[in-house]
Amino acid sequence: MLSKLQEDKTNRILTTVKLQALFDAAVNPSVMNRRGLAEALQDAGEKISFHGVEAWFKHTDSNYSNPKRSLHPMHKSYAVPQRRWPMILKIFNIPWEVLQQSDDEFRQWCIDKNTLVASNGRERRKAVEQRRSLATRRPSIAVLPFANLSKTAEVDHLVDYLLDDIVMNLSRLPEMMVISRSSISTYDPKEMGSKDVLKKFGVKHMLEGSVRRVKNVFKVSIQLVDTETGSNQWSDAFQSEDHDIDAAFERITLRVCAHLEPKLRSLNMRANEAVESWQFWQLGWCQMFAGAPLPVPHAATELFKKALQIDESNALAHASLATALSTGILWGGVEHKEYPSAKEHAEIAFKLMPENGAVLFGMAMMMFMERTPLTVPLEYLQRAVELEPSNVIYQTCLGYLEAMTGDAKAGVERCHKAIEISPKDAKEPFITYMLSNSLIANGEFEEAIETMNNSRMFASVDWFWIMTSFAYMQLNKKAEALHSLKQLVQQGKPTKSLYDWAIKERLWPQFSDTVKKDYLSLFTDAGIA
């Protein structure tokens with residue numbers, strides 16, 4: 001018998017699981033996701049934003065602090081505010097009495113309604129074609145239950161945990177169309193081939209895999225399959241050895257998503273030749289960090305501008321253009337006069353889409369440049385990481401800010417965690433910059449120098465030599481510190497007033513004013529006036 005906390009309390013309640021079932025079954029083909037519902041509610045006179053609808057599906061309440069309790073023992077099922085029920089039922093044209101059903105019964109009702117709509121099948125075909133049209137324009141995926149090769153109940157539980165988290169992480173991306181776990185669970189995965197997934201859900205990709213445990217090592221193998229051709233587009237294996245099972249699977253989940261998300265995006269960009277705003281944004285986002293920070297991402301900037309020419313309300317393009325411009329201003333290549341433009345784009349993006357990782361990252365960059373207290377951009381980045389924990393760039397930037405606001409140990413640990421998520425990025429200049437700064441703040445000077453030297457392409461950026469010389473100075477290697485500063489002079493980039501302010505006000509709060517003053521005295525000897 002289920003305990004009181006395990007009872008299904010979804011009868012007579014409009015829940016998020018029921019809403020998702022309405023989306024997945026295309027009960028109203030014009031409202032097939034959360035954004036579509038928000039727009040439909042707004043058109044009907046309801047005062048609500050996309051952020052407001054999103055909040056219904058989150059595991060915490062709107063202030064992101066108090067946890068919600070799920071109404072269903074198996075699903076993340078939360079109650080939709082009752083004042084919204086009448087209009088939502090009207091939008092989907094469903095009777096009140098249907099809400100008497102449980103989540104599972106309601107989901108089956110949606111499937112039956114979807115199957116039986118119109119005797120001639122015209123509306124049914126319209127719904128399916130609309131879903132397929134959406135799938136061809138955006139990355140779309142169904143995540144099938146993974147096989148438990150160890151055949152133990154414990155691994156069964158972990159498989160459920162893994163699937164829930166993969167679906168949750170992918171669903172956080174606004175451009176990604178992800179079939180809900182509850183919809184997949186109504187079918188037997190053993191009987192679903194790629195064609196079946198395409199027919200039932202209209203998605204371009206499906207993810208399948210297996211999990212097995214060998215002593216304390218958990219191994220997860222996955223493959224991404226094209227539902228139209230049945231071809232294997234990508235496969236990989238991940239493993240984690242950890243006595244804390246939950247920690248092991250959290251690490252595996254983040255690694256899977258860190259590799260899967262860009263793969264889905266790149267596949268979709270190659271498959272679609274249509275000139276669409278969001279595709280230009282995706283391509284620009286990939287290029288912006290591919291060779292960062294060299295050169296300044298002019299190519300990415302142009303792609304973001306093209307995206308905005310097509311759709312000036314593309315919040316992601318606004319945010320990314322702000323990030324590209326601000327990065328160029330900070331590290332060279334973009335003149336400071338572009339700052340007002342960068343700020344304007346960041347603010348437009350935040351107004352349009354306040355709960356998006358790329359938008360929050362753009363706002364953090366703006367707040368950093370405005371010389372506000374570092375706790376302000378820190379808060380934006382914390383929220384970005386909550387939304388996209390598998391994003392290595394967000395994680396390392398947050399680690400840097402944690403270190404620069406006084407918690408150096410936490411900053412170093414977060415940067416290392418980011419590299420664990422995506423080991424291939426360990427030498428990426430953007431990441432090494434953040435990690436090296438955090439290491440200096442934590443007093444690990446030799447490690448900081450070694451980290452920087454592992455990414456020598458960063459050497460044309462002035463901050464490479466500032467950080468390196470400061471680390472040498474703390475090791476009492478004044479000659480090496482002076483040599484590093486002279487490399488900066490040879491590049492012709494010295495801006496002493498900026499360095500003075502950054503070192504005194506922004507960098508390494510763990511060090512006293514006296515230590516920083518001694519370091520800055522080297523600038524005169526190096527020829528930096």
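The values are calculated or read from the model by the stated rules, or taken from the named source; none is laboratory data. Predicted, not measured: the structure shown is a model, and the values here were computed from it. Backbone-built Cβ (ideal geometry, glycine too); neighbour counts: all protein chains shown. When the accessible area is computed, the model is the full protein with side chains, heavy atoms only, and any ligands, DNA or RNA have been set aside. Shrake-Rupley method; radii C 1.70, N 1.55, O 1.52, S 1.80 Å.
Things worth noting here:
- Across region 368-480, Cα pairs under 8 Å and at least six residues apart give a relative contact order of 18 percent.
- Each residue, residue 216 and residue 161, gets one label point 7 Å from its Cα in the Cβ direction; the gap between the two is 1.6 nm.
- Hull shadow area, averaged, region 369-498 [alpha-carbon convex hull, nm²]: 8.0 nm²
- Using a cutoff of 8 angstrom between alpha carbon atoms and counting only pairs six or more residues apart, the relative contact order for region 435-529 works out to 27 percent.
- Cα radius of gyration and Dmax for region 149-235 (Å): 13.7, 40
- Remark: accessible surface ordering of 263, 351 (largest first) is 351, 263, probe radius 1.4 Å.
- A crude spin-label estimate for the pair residue 370 and residue 502, with each label 7 Å from Cα along the Cβ direction, gives 2.1 nm.
- Using the Cβ-Cβ distance between residue 475 and residue 420 with R0 set to 35 Å, the FRET efficiency from 1/(1 + (r/R0)^6) comes to roughly 0.80.
- Extending 7 Å from Cα along the Cβ direction at residue 487 and again at residue 236 yields two label points whose distance is 3.1 nm.
- Centre-to-centre separation between the Cα atoms of region 342-388 and those of region 80-102: 36 Å.
- Residue-level accessible surface for residue 213, protein heavy atoms, 1.4 Å, Å²: 80 Å²
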